[in-house]
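Derivation of every value follows stated rules applied to the coordinates shown; laboratory data play no part. What you see is a predicted model, and the numbers here were worked out from it, not measured in a lab. Reconstructed Cβ throughout: ideal geometry from the backbone, glycine too, with neighbour counts over all protein chains shown.
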Amino acid sequence: MTRFILRRLASALFTMVAASLIVFVLVEASPGNVARKTLGPFASDEQVQILYERLQLNDSLIVRYGRWLGIITGLRADPLQNPSLGLKFHDRRGDRYVGNFGFSTMMKIPVADVIWQRLANSAALAGLAFLVIVPLAIAIGILAGLNAGRPLDRAITTLSTVFASIPEFASAVLLMSLFAVWLGWLPGTSPLQAGGFWPIYSQFVLPVTVLTLYVTAYVARFVRASMIEVMATPYVRTLMSGVVVTEVVFAYPGLGRLLLETALFGDIALIEAATLIAVLIAVATQLAGDIGYMLLNPRIRFA
Amino acid sequence: MTGPATDTASAAARPSAQPQPGQAARRPRFRKLRRSKVLGIGIALIAFWVAVAILAPLIAPYGPNIQHTTALANPFPSSDHWFGADPLRRDIFSRIVWGARPVLLVAPAALFCANVVGIAIGMSAGFYGGWVDELCSRVIDVLLSFPKIVLYVVLIASLGPSALNIVVAVILVSSPGIGRLVRGLTIELKTRDFVTAARMRAESGFYIMLVEILPNARGPLIVDFCMRMGYTIIAIGVLGFLGLGLPPPNPDWGGMVREATPMLTVYPYMAIFPSLAIITLVMGFNLVADGLQDLDHGR
């Protein structure tokens with residue numbers, strides 16, 4: 001059993017390292033871009049050239065990847081904070097700590113200052129949705145199972161197909177038109193700012209509904225196609241994709257909207273941080289799911 | 001579409017005449033095919049949108065990018081503009097009609113490429129086993145660990161939004177899942193007698209995979225293709241909605257919803273009509289997937 005867990009841990013670690021390599025290659029493949037993006041559009045070509053040399057961006061991709069990994073894991077000092085560069089980048093945590101993703105060029109602050117608050121917001125949204133989705137999915141599954149082949153089962157199947165055909169942004173637009181514009185019962189945006197007309201809890205209703213509709217239907221279809229085991233993992237990964245879109249539609253201050261904004265802006269440090277955190281969550285749930293499944297299912301434990 | 005589509009075609013090509021061998025075996029399946037309401041509705045929805053895409057110049061009353069100053073004050077649906085006019089006062093009905101073309105070109109083309117890549121990876125992994133399997137499975141695991149939308153956003157943001165880059169992104173996002181499916185199917189099929197027979201004849205591995213295994217894996221692959229068409233059309237819509245779709249002014253359903261969302265309080269129809277277009281097309285593919293699955297399970 002310990003061997004099983006250790007093997008799973010090793011494979012999760014491998015996945016993380018490989019995924020981080022993919023992220024790094026995608027974002028930082030062209031070194032000239034890195035210096036330019038760090039300094040922003042108003043820096044002169046000479047300044048970009050100087051930073052290019054100081055950061056040794058001339059080195060091979062693999063060397064730069066190793067350095068980058070060293071900075072994130074706190075083994076190396078972040079060169080951007082070196083006073084001799086004159087960038088005035090300052091991090092109150094110092095230049096060497098675990099989870100040092102560097103500086104956001106879009107927000108002019110350390111990535112660590114913004115990312116964890118956003119992650120907490122996203123976790124709140126996803127957690128609330130999860131609390132609705134899981135009992136709902138179990139109830140639907142039991143209902144369909146007890147009535148297998150009868151009209152109720154077929155109605156559930158058809159409904160899940162219909163709802164799985166509605167992209168989150170489309171259901172968000174339809175629900176917003178109905179409940180926010182036409183009836184005026186709920187707020188159409190969820191900026192999570194207190195003191196406005198709408199209390200905070202009301203700002204969660206529409207986003208959670210949108211997520212619930214899509215994720216429940218999507219997973220119900222997959223389970224029916226029996227392509228995957230009935231486990232927590234598919235929920236989490238679908239939920240994470242859904243969270244990005246939902247946050248954008250409702251202007252919700254979460255990690256998903258941050259990822260989109262930084263991707264559109266070209267803020268390399270924040271893109272890397274947001275993507276890596278998303279993958280880490282996916283890998284961690286997969287690991288937890290595998291180990292939990294093993295503990296519950298003795299056939300796997302002794303296989 | 002090899003399975004049911006060929007059955008329909010062959011049955012139509014041989015009207016009544018003398019009974020052919022093999023026809024008797026095909027009959028019940030063909031009849032079931034016609035009886036399946038789910039499949040019928042799905043095919044009708046897809047056929048509708050394919051017809052709209054092909055006949056776009058005949059159906060659309062205006063060009064997709066013509067701005068109508070006559071609709072400046074009143075962009076609401078009217079006899080001139082059935083679905084109203086968008087924020088730039090372009091005819092929404094015409095844009096939806098023309099917008100069927102890019103979706104129905106990009107999604108199938110991208111998924112076809114993704115299938116070629118996925119089948120190549122999954123089949124060699126399942127057939128050869130050993131280190132090939134280990135390597136392919138690792139790559140698949142890593143790519144599947146990314147939440148799909150995150151991978152799409154990072155890819156398109158770094159490659160730039162264009163039809164070709166969307167195809168590349170769909171290949172990277174979809175082929176690992178296809179590979180995993182094909183790997184499983186191959187492992188199951190390679191123990192069958194016809195594969196053993198082919199090995200006895202000393203056929204090459206390439207021949208066995210392509211001629212013996214692939215045709216026998218077509219059932220699940222077709223269902224998977226239809227389901228993936230649905231998800232891919234949703235993904236293309238989402239990319240358009242996030243501002244990472246086809247560059248403007250090309251009519252793009254997701255992009256149309258994006259442009260209309262800030263004006264939802266006054267002109268909700270601007271966002272609702274293109275949303276309905278995406279929903280009906282996706283539903284078509286999802287219903288076909290459901291229907292084909294029911295046929296396979298004999299429900």
Worksheet item: Which of A:Val244, B:Asn250, B:His68 sits farthest toward the positive end of the charge dipole of the protein assembly as shown, with +1 on the Cβ of Lys and Arg and -1 on the Cβ of Asp and Glu?
Response: A:Val244
Worksheet item: What is the Cα radius of gyration of the range A:2-104 over 2.2 N^0.38 Å, N being its residue count?
Response: 1.25
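Order of A:198-210, B:91-103 by packing, highest average Cβ count within 10 Å first?
Details: A:198-210: 18.4, B:91-103: 23.8.
Those peptides, ordered most packed to least, come out B:91-103, A:198-210.
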Practice prompt. Starting from the Cα-Cα distance between A:Val17 and A:Arg154, subtract it from 0.36 nm times their residue separation and give me the gain in nm to one decimal.
Written response: 44.9 nm
Fill in: Average beta-carbon neighbours from other chains, 10 Å sphere, peptide A:170-178
6
Worksheet entry | Prolate/oblate/rounded label for chain A (Cα gyration tensor, a/c 1.5) | oblate
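Suppose every K and R has +1 on its Cβ and every D and E has -1 on its Cβ; what is the size of the dipole of the range A:2-104 about the Cα centre, in Debye to the nearest 20?
Working: 13 positive and 8 negative charges, 124 e Å.
For the range A:2-104, the charge dipole is close to 600 debye.
When the helix-only estimate is applied to chain A (DSSP H runs of n ≥ 4, each -39,500 (n - 2.57), divided by the residue count), what is the mean residue ellipticity at 222 nm, nearest 500 deg cm²/dmol? Please list the in-between numbers first.
Numbers: 12 runs with 201 residues, N = 303.
So the calculated ellipticity at 222 nm is -22000 deg cm²/dmol.
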Practice prompt. Quick one: among B:Gly240, B:Gly130, B:Gly122, which has the greatest mean-square fluctuation in a GNM of chain B with alpha-carbon springs under 10 angstrom?
Written response: B:Gly130
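Could you work out the longest stretch of chain A that avoids the trypsin sites (Lys or Arg not before Pro) located in DSSP loops with at most 11 other Cβ atoms within 10 Å? Mind showing how you got there, number by number?
On the way: sites that count: A:Lys88, A:Arg92, A:Lys108.
Counting only loop sites that pass the neighbour cut-off, the longest clear stretch is A:109-303.
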Discussion item. Show me the helices of chain B, taken as full DSSP H stretches, that run 20 Å or more along their long axis by Cα and average -0.5 or above in Kyte-Doolittle hydropathy.
Written reply: B:37-54, B:92-128, B:130-144, B:163-189, B:218-241, B:269-297
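So what's the projected area for chain B, the Cα convex hull averaged over all directions, in nm²? List each step's numbers first, then the result.
Details: hull surface 78.3 nm².
Reported value for the Cα convex hull: 19.6 nm².
With an 8 Å cut-off on Cα pairs and a minimum separation of 6 or more residues, tell me the relative contact order of chain B in percent.
Working: 385 pairs, mean separation 72.4, N = 299.
About 24 percent, as a whole number.
Mind putting a number on the dipole of chain A about its Cα centre? Charges go on the C-beta only, +1 for Lys and Arg and -1 for Asp and Glu, and I need it in Debye to the nearest 20.
Details: 23 positive and 17 negative charges, 175 e Å.
The dipole of chain A has a size of about 840 debye.
Using just the Cα positions, wrap the protein assembly as shown in a convex hull and report its mean projected area in square nanometres, one decimal place.
Numbers: hull surface 135.5 nm².
Its average projected convex-hull area is 33.9 nm².
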Discussion item. Could you give each residue of the range A:106-112 its phi-based ³J(HN,Hα) in whole Hz, using Karplus coefficients 6.51, -1.76, 1.60 with θ = phi - 60°, and x for Gly or Pro?
Written reply: 6, 9, 6, 9, x, 4, 5
Item to complete: Find, to one decimal place in angstroms, the Kirkwood hydrodynamic radius of the range A:229-297, where the mean of 1/r is taken over every pair of different Cα atoms and then inverted.
Response: 13.2 Å
Discussion item. Between the range A:235-282 and the range B:230-299, what is the separation of their alpha carbon centroids in Å?
Written reply: 21 Å
Worksheet item: Among A:Gly254, A:Leu183, A:Ala194, whose Cα lies farthest out toward the positive end of the dipole of the range A:112-302, if unit charges sit on the beta carbon of Lys, Arg (+1) and Asp, Glu (-1)?
Response: A:Leu183
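Kirkwood Rh over alpha-carbon pairs of the range B:90-130, then Stokes-Einstein at 20 °C and 1.002 mPa s: what D in µm² s⁻¹, rounded to an integer? If you can, show how the numbers build up before the last one.
Values: Rh = 12.6 Å.
Translational diffusion coefficient: 170 µm²/s.
Just how large is the dipole of the protein assembly as shown about the Cα centre, in debye to the nearest 20, putting +1 at every Lys and Arg Cβ and -1 at every Asp and Glu Cβ? Don't skip to the answer; put the middle values down first.
Working: 48 positive and 34 negative charges, 334 e Å.
About 1600 debye.
Add -39500 (n - 2.57) for each DSSP H run of 4 or more in chain B, then divide by its residues: what number comes out at 222 nm, to the nearest 500 deg cm²/dmol? Numbers along the way, then the final one.
Working: 12 runs with 206 residues, N = 299.
Taking each H run of at least 4 residues, the total per residue is -23000 deg cm²/dmol.
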